[in-house]
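Report on the following structure.
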Amino acid sequence: MPGGDRDNAKTTIMRKPRGWGVLSLCLLTVIVLALPGVLKSSFAIDILIRILLFAFIGVAWNLMGGYAKQLSLGHAAYFGLGAYTSTLMQVDFGISPWIGMFAGGVVAMLASLPIGWLCFRLRGPYFTIATIATAQVLMLIFLKFRDFAWGAEGTTIPNLGNAPLMMQFEAKAAYYYIALALLAIGLAITYRIERSRMGYYLVAIGENEDAAEAVGVNAPRIKRDIYMLSAFLTALAGTFYTQYIYFIDPATAFNFNISIEAALVSIVGGIGTLWGPVIGTVLLETTSALLQSWLGSSSGGIQLTVYSLILMAMILWRPTGIMGFLFEIYGRHIRAEPARA
Amino acid sequence: MGEALVIRNLSKRFGGLRAVQDVSFSVEESETVALIGPNGAGKTTSFNLITGFHRPDTGSVLAFGREIVGLRPHDICAHGLARTFQVAKPFGAMTVLANVMTGAFLRDKNADVARAKAREAIEFVGLSAKEGTAARDLTTIDQRRLEMARALATQPRLLLLDEVMAGLNPSEIDQAVALMGKLSKRGLTIVIVEHVMRAIMAVARHIVVLDHGQKIAEGNPKEIVENPEVIRAYLGSGYTHVPTPEAG
Amino acid sequence: MVETLAQAVINGLLIGGIYALVSIGVTLIFGVVKIVNFAQGEFVMIGMYISFFLATRFGIDPVISLVVSMPVLFVVGVLIQHFLIQRVLGLNDMPQIFLTFALSLLIVNLSLMLFTANYRTVHTWYSDEAFHIAGLYIPLAKLIAFILAMVLSGVLWVFLHTTDLGKAMRAASQNRDVAMLMGINTNRVFCVALGVALALAGAAGSLLMPFYPAYPMVGQVFVLMAFVAVVLGTLGNIIGALAASLMMGVAESLGVQFVGADSGLIVVFLMLLLTLAVRPSGLAGGRPR
């Protein structure tokens, strides 16, 4: 019957993306979980860990910078705070970095309150500049104060061999799975927020803060809340990284490049989308790894030169990033709300 | 009927410019009031003062018995006042549905409930067919409809509409007037800033006239049209002595 | 004590003149084109390298090489506006911020690859000369830089207030739409604004060479100063930027003198944070945007 067929056709089209989506996600999960077993090269696993970690940092940034368009270039502040909190607790008091990681997150959350209060007083690019400034200030503070945080030389973390309770492992694969877990948590949080009231409010604020206020959105509070969440997650990454490289110093922990990459991977991959930061990280980190293997270790400046060219190309050609490009090609039935339209 | 809005001695200066000077008027519940006046009279500024986007220098605004001067816009919206903007401010990257849901979320945290309520508002303004369209892809007039739907989704008790009729053709004006009539029947108090006489005469029983930031007249449509001060404000002093048909 | 204080103030004012050139450029671009040029410092750096090469290849004095660095950077400014900035003008914050930010990253890292991180200096006959007046030590190189910086600022001021093009720029800065309606070609105005701003940055670079080393990251320090001065002096306000730059120079100098050698940056940040906390719209008031 004509009518019946039409109804079926509609349901089939509606079902296909969802079915495919779940299937490809399952496939992806299997592949991702199996990778460390398949790949023997330590170098390859190292790259994967970097990808997972920076994708996670990008996801954390994206919550605030992508959805709510609060473009911070100072997230290294929270990375560093997380790193230093867990390291101090570990080296000075012998407390496990697992606890330290959480504590670092809390410290970062608390720090985001005064920093946010200050920076949100400016809008647009001046907000960005203010965030850069605050991250620099933190670096300067940690450089100067040798009394409680080892100053400019930093410290190494005593190698305890295989000590899972102290977040130290002999098998590199362990770090891979931790980074994967962090990324999964970040993506899950983003997924939930996207579909909730908070998600709509974030995008509304990003689009037009005045109009959002006019329909009852408490913009200052929402911005404050998402900043705290973003800071918390970024701090977790800081702890992980420090445990992975067994070293910390202000230049590494508060490095401006971390802030840059956090924003970059989201913009290139698709600002304000779930998978954007992941795609962006895969692209950028793979490029970076290839460059390294062709040109030897960081021939000063080449990596950032390439990154900046990619960024400029993206902005001039497709500010919505790779995901934006995909959405345009595959139509809008992917998601109706909160609508990357 | 209680008073939905009581405005007393509202004033605001921007630098040397006295945008609003000592304006007072009241709006009864379920009434539709028109705020009119030549350009630059202070109408939109008054809206901004009422809805919390600017803070008045002096004066008080009682909305449903509660003083709202000093409150932030989102609190004022939560208290029941919704507004549209003269130049529509849609959330461009969001669909029509998502835009209106943002408004609906004020009263319902649950996404499914908000979606249902949003759909009601969208249907009311006649945008159902474009539910999935990105707001930035809408025509200007549809963006105004969207703005209205979004405001309605917050379930206001008082709706402030800023020049929603501008640029509409006569049949569109009639549609908008009909919408307002339906809202008024539901008990919604409406204050409109308007220039389109046809619409004002059709919906407003009570008109307040501003000029250069001051209230120069207040009354029903007939009184306003015959008021020499109003005529002078719009047309200049050369016309205030034109005899009116029903004079004397 | 008074002498030390006076000396610190003098030092601060002198370097403040250079800060002024950079920050006037930033505030000019922001006022007219309404974007923040994150790469402004890099153009100072380019000016420095131009002067460096002219000095080492042809023996041209850096101050004289102004006549090369300024026009070159003017043209660069026009090109950047026409081919890059014009493309993101209609869009929102994100592309605008990250375009000039990416440009900044690109120029710094290209320079790192081309010139290496080594410090480059130029030694002129007046690099070590100084006036000694009333117990104060006034380095000749810095004095020349300061005077020329003030002259250039003055020339800009005259340009903006007496020439048609200058007035067009001020008009576009105050109300772009009305300016367009009045027949002002905004693209041309923007090109000139970028060109002038970058020329000023280039001038700053050339003036710096006799007493400051050139290296790829040098621009970042100056641009930070510039940004704080622009916020402090109120966005878009040229006189404000000038005054604030001088103030920042003095504040930094006082910090270095009385607190410690590397406290300059902290002083700057503190001034920024203080401004943000107390008066985000800057000294001249008005709306923060």
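The values are calculated or read from the model by the stated rules, or taken from the named source; none is laboratory data. This one's a predicted model, so the numbers in the text were calculated from it and none came from an experiment. Glycine gets a Cβ as well: all are built from the backbone with ideal geometry, and neighbour counts include every protein chain shown.
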Could you say which residue among A:21, A:65 is more than 15 Å from the chain's Cα centre (by Cα) and within 25 Å of residue B:93 (Cβ to Cβ)? A:21
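So, residue B:117, is that one touching a helix residue (DSSP H, G or I) at 6+ places or on another chain (Cβ under 6 Å) and away from chain A (no Cβ under 12 Å) or not? Working first, answer last.
Values: touching a helix residue (DSSP H, G or I) at 6+ places or on another chain (Cβ under 6 Å): yes; away from chain A (no Cβ under 12 Å): yes.
Taking the combined requirement at face value, the residue satisfies it.
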State which residue pairs qualify: first residue within 8 Å of chain A (Cβ to nearest Cβ) and inside the range B:126-137, second residue surrounded by fewer than 16 Cβ atoms within 10 Å (Cβ to Cβ) and of a type in the set (Lys, Arg) in any location, beta carbons under 7 Å apart, and separation of 6 or more residues or different chains. B:132/A:332
Any hit, the range B:79-94, residues being among the basic types (Lys, Arg) and either in a strand (DSSP E or B) or within 27 Å of residue B:165 (Cβ to Cβ) (or both): yes
Could you check, for the range A:160-168, whether at least one of its residues is in contact (Cβ under 8 Å) with a residue 12 or more places away in the chain, more than 30 Å from residue A:33 (Cα to Cα) and either away from every other protein chain (no Cβ under 11 Å) or in contact with a helix residue (DSSP H, G or I) (Cβ under 9 Å, 6 or more places away or on another chain) (or both)? no
When the range B:86-103 is examined, which residues are found to be in contact (Cβ under 8 Å) with a residue 40 or more places away in the chain and within 7 Å of chain A (Cβ to nearest Cβ)? B:89, B:91, B:92, B:93, B:94, B:95, B:101, B:102, B:103
When the range B:104-114 is examined, which residues are found to be at the interface with chain A (Cβ under 8 Å from one of its Cβ atoms) and either assigned to a helix (DSSP H, G or I) or among the hydroxyl-bearing types (Ser, Thr, Tyr) (or both)? B:111, B:114
From the list B:60, B:11, B:46, which one is away from every other protein chain (no Cβ under 14 Å) and not in a strand (DSSP E or B)? B:46
Residues of the range A:200-222 being within 22 Å of the chain's Cα centre (by Cα) and buried (at least 22 other Cβ atoms within 10 Å of the Cβ), which ones? A:200, A:201, A:202, A:203, A:204, A:205, A:206, A:207
Could you say whether any residue in the range A:291-304 is part of a helix (DSSP H, G or I), out of contact with any Pro (no Cβ under 9 Å at 6 or more places or on another chain), touching a residue at least 60 places away in the same chain (Cβ under 8 Å) and closer than 23 Å to residue C:112 by Cα? no
For residue A:278, only one of the following conditions fails: (1) surrounded by fewer than 20 Cβ atoms within 10 Å (Cβ to Cβ); (2) more than 14 Å from chain B (Cβ to nearest Cβ). What is its number? (1)
Would a scan of the range B:198-213 turn up a residue that is buried (at least 19 other Cβ atoms within 10 Å of the Cβ), part of a helix (DSSP H, G or I) and basic (Lys, Arg)? no
Residue check, residue C:76 under 30 Å from residue A:310 (Cβ atoms), more than 10 Å from chain A (Cβ to nearest Cβ) and surrounded by 18 or more Cβ atoms within 10 Å (Cβ to Cβ): yes
Go through the range C:174-223 and give me each residue that's surrounded by fewer than 18 Cβ atoms within 10 Å (Cβ to Cβ), modelled with pLDDT of 90 or more and of a type in the set (A, V, I, L, M, F, W, C). C:217
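Can you list the helices (runs of 4 or more DSSP H) lying wholly within the range A:179-276 that have 3 or more residues being touching a Phe, Trp or Tyr at 6+ places or on another chain (Cβ under 8 Å)?
So the answer is A:197-207, A:209-214, A:219-245, A:256-270.
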If you take the residues of the range C:276-285 that are more than 11 Å from residue A:119 (Cα to Cα) and touching a residue at least 24 places away in the same chain (Cβ under 8 Å), which of them is surrounded by the most Cβ atoms within 10 Å (Cβ to Cβ)? C:282
If a residue counts only when it is touching a Ser or Thr at 6+ places or on another chain (Cβ under 6 Å), more than 14 Å from chain C (Cβ to nearest Cβ) and crowded, with 21+ Cβ neighbours inside 10 Å, which helices (runs of 4 or more DSSP H) contained entirely in the range A:84-157 have at least 2 such residues? A:97-119
Any residue that is in a helix (DSSP H, G or I) and more than 30 Å from residue A:225 (Cα to Cα) - is there at least one of those in the range A:47-68? yes
Go through the residues of the range B:164-184 one by one and say whether even a single one is assigned to a strand (DSSP E or B), assigned by TED's automatic domain parsing to the domain that holds residue B:45 and buried (at least 21 other Cβ atoms within 10 Å of the Cβ). no
Considering only residues that are free of Cβ contacts under 8 Å to residues at least 12 places away in the same chain and within 17 Å of residue C:236 (Cα to Cα), look in the range C:160-169 and name the one that is surrounded by the fewest Cβ atoms within 10 Å (Cβ to Cβ). C:161
